[in-house]
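Right, one structure below, let's go through it.
The values are calculated or read from the model by the stated rules, or taken from the named source; none is laboratory data. Note that the structure is predicted; figures quoted are calculated from it, not measured. Positions of Cβ are backbone-derived with ideal geometry, glycine not excepted, and every protein chain shown enters the neighbour counts.
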């Protein structure tokens with residue numbers, strides 16, 4: 001169709017841009033920092049930190065302290081009240097609710113028009129352009145794009161200003177040529193009741209000609225199963241024969257990949273990962289044969305990194321730019337963005353696997369880890385072990401979380417896994433033995449501490465009924481496509497709630 005040819009021509013024009021920031025990342029980062037500083041010079045934050053005197057990265061790093069949500073919150077609240085030129089020039093009209101799941105605190109993050117167009121929308125277009133580069137002669141624009149957003153209740157706070165999930169803000173601001181092919185309708189997409197929305201999305205999308213699906217893996221699986229249930233079909237290509245691309249992000253795809261391929265058994269189906277959040281769009285899977293993510297260095301975001309072995313929150317002493325990162329070293333990510341987040345600790349951790357170009361893997365969260373016994377267990381270790389064992393035993397999990405337990409009669413303890421199976425593939429004893437064995441392979445500190453049960457005892461396991469994690473998210477007011485269950489916690493606050501809720 002002519003419309004596909006026009007769309008292909010338009011989207012492929014971005015290939016030169018992608019090639020530039022792939023080949024010249026450090027130059028792009030210098031330019032981004034200079035542009036951000038120049039634009040924000042007359043803001044309240046810029047004046048306070050003397051942006052007019054900043055001419056280099058060294059000036060920037062000494063003039064602007066590391067920030068977190070607590071330190072930026074007073075500025076954000078002024079922006080919500082309608083004040084101009086606070087963190088970014090002009091008035092900020094949109095604010096995204098954070099998808100964080102620890103505690104009851106909700107973070108409200110600014111989303112400026114510059115950030116929407118130069119980062120969030122730019123990232124999506126770059127991802128599609130790269131897909132067309134890897135898969136020539138695609139004909140996706142004439143197909144519908146099924147977007148599985150979060151709980152998108154927008155609340156008007158001031159004149160033309162809204163607070164809601166990022167997905168809702170994006171839906172309300174999509175260019176016409178994107179909105180034209182998106183499904184479901186805006187009314188369904190912005191339905192704040194996730195349970196009824198899931199049913200409405202399934203019913204509305206079944207008769208459509210879907211070519212692309214985008215969404216968080218756990219919630220996308222729920223929708224796929226609802227579509228198959230309502231349609232009476234065995235696999236998704238029986239419903240949508242032209243489906244060829246699933247764009248995912250927000251959580252590790254590996255634990256869900258086997259189930260997706262079972263429900264979509266087609267060699268023509270492609271999966272592309274991305275790293276995007278309420279704070280911005282930062283990375284995309286650009287290679288056919290690798291799940292590494294390319295750092296997007298020319299998308300109005302300046303990156304800094306804190307080595308995790310010296311991480312101390314706002315008191316961290318070592319903060320480095322991209323030019324100084326080392327391969328296979330865990331870093332906490334620090335951002336400065338065109339939404340006015342300055343030297344902001346986002347809470348994610350990653351490590352680089354390549355510096356030419358800069359490609360990385362997300363490893364976890366600065367707050368999502370277990371290190372009660374010196375094991376330094378991060379999310380990547382747990383997910384890698386679980387993915388391997390589930391594949392080995394033909395099992396499938398819906399969700400999980402892990403917390404420490406402590407022996408009352410000794411100085412040691414261990415890990416307690418809370419598992420919600422979709423399908424159990426072997427005896428639970430075998431599953432538990434294999435999880436322990438796999439963790440030893442992926443985490444040498446865990447292996448050392450497990451020696452003869454001296455520091456860490458054999459892990460405990462609790463198996464939850466289906467729907468338990470969904471119910472927990474609902475109780476916490478976090479039910480929806482952008483919200484996730486924390487994989488690891490260094491305390492037992494979440495698991496004790498699960499125990500009480502399920503009367504375990």
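Among the residues making up the range 45-81, those that are assigned to a loop (DSSP other than H, G, I, E, B) and either in the same structural domain as residue 250 (by TED's automatic domain parsing) or exposed (fewer than 13 other Cβ atoms within 10 Å of the Cβ) (or both) are 50, 55, 56, 65, 81. Scanning the range 353-376 for residues that are buried (at least 20 other Cβ atoms within 10 Å of the Cβ) and at pLDDT 95 or above yields 358, 359, 360. Scanning the range 391-429 for residues that are out of contact with any helix residue (DSSP H, G or I) (no Cβ under 7 Å at 6 or more places or on another chain), loosely packed, with under 15 Cβ neighbours inside 10 Å and not in a strand (DSSP E or B) returns 394, 407, 408, 409, 410, 411, 427, 428, 429. With the structure loaded, tell me whether residue 347 is under 24 Å from residue 68 (Cβ atoms), in contact (Cβ under 8 Å) with a residue 40 or more places away in the chain and in contact with a helix residue (DSSP H, G or I) (Cβ under 7 Å, 6 or more places away or on another chain) or whether it fails that test. When the stated conditions are applied, residue 347 does not pass them. Among the candidates 256, 331, single out the residue that is touching a helix residue (DSSP H, G or I) at 6+ places or on another chain (Cβ under 6 Å), in contact (Cβ under 8 Å) with a residue 12 or more places away in the chain and either closer than 24 Å to residue 127 by Cβ or not assigned by TED's automatic domain parsing to the domain that holds residue 148 (or both). Every option except 256 fails the conditions.
Filtering 446, 451 for residues that are buried (at least 20 other Cβ atoms within 10 Å of the Cβ) and within 18 Å of residue 372 (Cα to Cα) leaves a single hit, 446.
When the test is whether a residue is within 21 Å of residue 98 (Cα to Cα), in contact with a strand residue (DSSP E or B) (Cβ under 9 Å, 6 or more places away or on another chain) and surrounded by fewer than 19 Cβ atoms within 10 Å (Cβ to Cβ), residue 314 passes it.
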